[in-house]
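One structure is given below, encoded as structure tokens.
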Amino acid sequence: MSYVTFDGHSHTITLIDQFFEVVGTWPANNRTANDATLHFVPNGWYSVQDKHLPHRHGHATSPFRGAALKEDSVNGEYGVRGIVRFRVHGHDGVGVHAGRRNVRDQSMKHAKGSNFVTMGCIRTTDEAMAAIAETMQSDPLFWVHVVFNRQRQR
């Protein structure tokens, strides 16, 4: 059973496989929008809802800055691999996902990709999500471990 660790201090996510070997480490962030109900994921261990395959939202569109972007594109809300949801008490739909690779965040001029704000989720890269999705197929993902993430990131 594999797990990922999000480090709020170094802004990275690390995938650990069933043999406790590091599969990889990638950029990640937990920056949230001002109107998010979850301002940051508290430190702790969270059980994963999608253990064998990331959840996909299909081919719906998500309007952003007046343009519709496919959710399953590199610039979409969740990236090309979907979202790995985990259970945060009182907050449904929180997860790890990519997206917004080439879309600039309005609240922070130069933020894009893993630094683009979410509504509480941890955003990483498509490369990280590809490795996570591939690992999950033969080594179910059971936990998201959050460390050094005690305050809202701006």
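The values are calculated or read from the model by the stated rules, or taken from the named source; none is laboratory data. Predicted model only: the values in this text are computed from it and were never measured. Quick reminder, even Gly has a Cβ in these numbers, built from the backbone with ideal geometry, and neighbours come from all protein chains shown.
Quick notes on this structure:
- Restricting the search to strands (runs of 3 or more DSSP E) fully inside the range 47-154 and requiring at least 1 residues that are in contact with a His (Cβ under 7 Å, 6 or more places away or on another chain) and at pLDDT below 70 gives 67-70.
- Matching residues, the range 32-46, being within 14 Å of residue 96 (Cα to Cα), in a loop (DSSP other than H, G, I, E, B) and in contact with a Lys or Arg (Cβ under 7 Å, 6 or more places away or on another chain): 40
- When restricted to residues that are in contact (Cβ under 8 Å) with a residue 12 or more places away in the chain and in a loop (DSSP other than H, G, I, E, B), the range 11-31 contains 6.
- Flag if residue 133 is in contact with a Lys or Arg (Cβ under 6 Å, 6 or more places away or on another chain) and in contact (Cβ under 8 Å) with a residue 12 or more places away in the chain: yes
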